[in-house]
Amino acid sequence: MNSNGKKVVFSGVQPTGKITLGNYLGAIKNWQPLQEEYDCLYCVVDLHSITVAQVPAELRKNTMELAALYIACGISPDKSTLFVQSHVPQHAELQWVLDTITYVGELNRMTQYKDKARKHKDNINMGLMNYPVLMASDILLYMTDLVPVGKDQKQHLELARTIAQRFNNRYSDTFVVPEGLVNKHGAKIMSLQDPSAKMSKSDENENAVIYLTDDSATVARKLKRAVTDSETEVRYDVKNKPAVSNLLTIYSLCSGQSIAAAEKQFVGMGYGALKEATAQAVNQVLQPIQAEQQRILADKGYLENVLKEGAQRAESIAYKTLSKVYRKVGFVPRIR
Ligand code: ATP
Ligand code: LTN
């Protein structure tokens, strides 16, 4: 909780390339409504992104594009604190302290680490392993109550809770123990080509993923080529019809209709009709976001100013938390 008695929300996405419909439906889409009730901080987590090799010029571009995308998705810089992680040095500083109360065994067990280590055998760096501790630091620095994320981040969030509790037990009550906020539907949008795998930025098969920057013809083509299940009935049944259930989830979230209403709408119609309607619904969501993102990117001064003010606001909170942590750990305060 913050000093006004409002609950605090924190979340972030890595600027690692093209943002997917999975990132949007599973995470970013849910951020906007939270702004009305909570004190929200939304961060472009660039420090996390370099755990996998990045091209510096592209990382800079992706960072600005992602910040513009947050605003285009309804994050208001007047209501929320929007900033870039590397602009606030306390994230990395707190991570160091938290590292000393996190066990190697805990990090070794993380599914994302194991997946990424398998995918990037030539670059299993310490940062990749330490990734969840940096994420815990992001969250704990702001006394965060709620963390809206997709299902794949639940394990990291559980570790952040463990770290918070461990610090509190060892040094006295300091951190808020955060809760995850995971969607009932859409928390895991699946690949269009393999409904057993999550839709992922880093998928090598372009047809498996809808990017937020895809134009309407591309969206329609990818959905037309999406794999389906046996039989022809449009029915939500994740176990027996995973591909169609994934399309129904996307359709429902983009059209605003419930899954039950969508099932009714497609009675007696085949998969082709569902794919077409889904393409239309997705395009109706994407087009205004794309236009708004371009408009924001065209005004570099505006975006830079938003990020400057966001970093100042974030740092003033982060500074206080870090000072408290340093004091509790036993570091001698610096005299200024
Ligand atoms: P990568 O695939 O390269 O690991 P990513 O697509 O998982 O990247 P992140 O920046 O790690 O992207 O995730 C940003 C947010 O999007 C997180 O909250 C994550 O839970 C959510 N997310 C990612 N993929 C999906 C998905 N397929 N369905 C729902 N939410 C998702
Ligand atoms: N690991 C997250 C990104 C992330 C994050 C955070 C999410 C970094 N720090 C703090 C919520 C809160 C991911 O989505 N891959």
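The values are calculated or read from the model by the stated rules, or taken from the named source; none is laboratory data. Fair warning: this is a prediction, and the values are worked out from it, not measured in the lab. We place every Cβ from the backbone using ideal geometry, glycine too, and count neighbours over all the protein chains shown. Side chains are part of the model used for accessible areas, which takes the heavy atoms of the whole protein and leaves out ligands, DNA and RNA. Shrake-Rupley method; radii C 1.70, N 1.55, O 1.52, S 1.80 Å.
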Can you give me the ranges of the helices (runs of 4 or more DSSP H) entirely in segment 253-336 with at least 1 residues that are hydroxyl-bearing (Ser, Thr, Tyr)? 271-297, 300-329
Would you be able to say whether some residue in segment 299-321 is in contact (Cβ under 8 Å) with a residue 24 or more places away in the chain, among the aliphatic types (A, V, I, L, M), more than 30 Å from PHE175 (Cα to Cα) and surrounded by fewer than 20 Cβ atoms within 10 Å (Cβ to Cβ)? yes
Determine whether segment 221-232 contains at least one residue that is part of a loop (DSSP other than H, G, I, E, B), out of contact with any strand residue (DSSP E or B) (no Cβ under 8 Å at 6 or more places or on another chain), in contact (Cβ under 8 Å) with a residue 40 or more places away in the chain and surrounded by 16 or more Cβ atoms within 10 Å (Cβ to Cβ). yes
GLY180, sole failed condition from (1) in contact (Cβ under 8 Å) with a residue 40 or more places away in the chain; (2) closer than 24 Å to VAL52 by Cβ; (3) not in a helix (DSSP H, G or I): (1)
Sort through THR232, THR162, THR218 and tell me the only one that's more than 23 Å from the chain's Cα centre (by Cα) and farther than 24 Å from ALA291 by Cβ. THR232
For segment 124-148, how many residues meet the condition of being in a loop (DSSP other than H, G, I, E, B), within 22 Å of ASN23 (Cα to Cα) and open to solvent by 10 Å² or more (accessible area, probe 1.4 Å)? 1
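Return a yes/no flag: does segment 185-192 have any residue that is part of a loop (DSSP other than H, G, I, E, B), of a type in the set (Lys, Arg) and touching a residue at least 60 places away in the same chain (Cβ under 8 Å). I'd like the intermediate steps shown before the answer.
Kept after step one, since they are part of a loop (DSSP other than H, G, I, E, B), are these residues of segment 185-192: 185-189, 191-192.
The next check asks that each one be of a type in the set (Lys, Arg); those that pass are 188.
Cutting the leftovers down to touching a residue at least 60 places away in the same chain (Cβ under 8 Å) gives us 188.
The answer is yes; a qualifying residue exists.
Let's see how each residue does on (1) modelled with pLDDT under 95; (2) under 17 Å from ILE71 (Cβ atoms); (3) touching a Phe, Trp or Tyr at 6+ places or on another chain (Cβ under 7 Å):
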site: THR16; (1), (2), (3): yes, no, no
site: ASN23; (1), (2), (3): yes, yes, no
site: GLY26; (1), (2), (3): yes, no, no
site: GLN35; (1), (2), (3): no, yes, no
site: LEU41; (1), (2), (3): no, yes, yes
site: VAL52; (1), (2), (3): yes, no, no
site: LEU59; (1), (2), (3): no, no, no
Can you confirm whether LYS154 is open to solvent by 10 Å² or more (accessible area, probe 1.4 Å), within 16 Å of ligand 2 (Cβ to nearest atom) and free of Cβ contacts under 8 Å to residues at least 60 places away in the same chain? yes
Within segment 256-274, the residues that are farther than 27 Å from LYS29 by Cα, surrounded by 11 or more Cβ atoms within 10 Å (Cβ to Cβ) and hydrophobic (A, V, I, L, M, F, W, C) are MET269
